[in-house]
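The structure appears right after this line, and notes come after that.
The values are calculated or read from the model by the stated rules, or taken from the named source; none is laboratory data. Model, not experiment: these values are computed from the prediction. For neighbour counting, all protein chains shown are included, and Cβ atoms are generated from backbone atoms with ideal geometry for every residue, glycine included.
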Amino acid sequence: MSKGRLEAFSDGVFAVIITIMVLNLNVPRGSDLQALKAVLPVFLCYVLSYIYVGIYWNNHYHLLHASEHVSGGILWANLVLLFYLSLAPFTTAWMGENHYAPLPVAIYGVSCSSPGSHISSSPGP
């Protein structure tokens, strides 16, 4: 498989992850600041996760451009990374909608520091 095909697939997954996260944002029910305050925890979680996913997208881009070829192991490692990143919309929404309750925050933290999040530092083929 070419690097270009892996990069295109991965970019598509990154785009879907961010799209799902933004679609989880609800419009405030009202036009005053109190209504905006009610959705603030979910919005702040979205911002945090957007930055998190954006950092991985940027690192992924640089990693692929530093690579000369793509092996089967890299394909599987990439799928594991994308799996853990795909949990971001779920854990982000759960944490925000429950106003930073301990269990959702812990699950969010585990998904952010999962084995998939360290794959980008693994050696080449």
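What residue, among those in the stretch 94-103 that are assigned to a helix (DSSP H, G or I) and surrounded by fewer than 20 Cβ atoms within 10 Å (Cβ to Cβ), is modelled with the lowest pLDDT?
Within the stretch 94-103, the first condition is being assigned to a helix (DSSP H, G or I), and the residues that meet it are 94-97, 102-103.
When the remaining residues are screened for being surrounded by fewer than 20 Cβ atoms within 10 Å (Cβ to Cβ), the result is 94, 97, 102-103.
Numbers: Trp94: 94, Glu97: 90, Pro102: 96, Leu103: 97.
Per the stated criteria, the residue is Glu97.
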For this session: Restrict the check to the stretch 64-84 and report whether at least one residue is outside any helix (DSSP H, G or I), surrounded by 13 or more Cβ atoms within 10 Å (Cβ to Cβ) and touching a helix residue (DSSP H, G or I) at 6+ places or on another chain (Cβ under 7 Å).
Result: yes
Exercise. Can you spot a residue in the stretch 1-12 that is out of contact with any Asp or Glu (no Cβ under 9 Å at 6 or more places or on another chain) and more than 30 Å from His69 (Cβ to Cβ)?
Worked result: no
Exercise. Using beta carbons and a limit of 6 Å, which pairs, at least six apart or on different chains, have the first residue in the stretch 45-58 and under 16 Å from Val105 (Cα atoms) and the second one crowded, with 17+ Cβ neighbours inside 10 Å?
Worked result: Cys45/Thr92; Cys45/Met95; Cys45/Gly96; Tyr46/Met21; Ser49/Met21; Ser49/Ala88; Ser49/Thr92
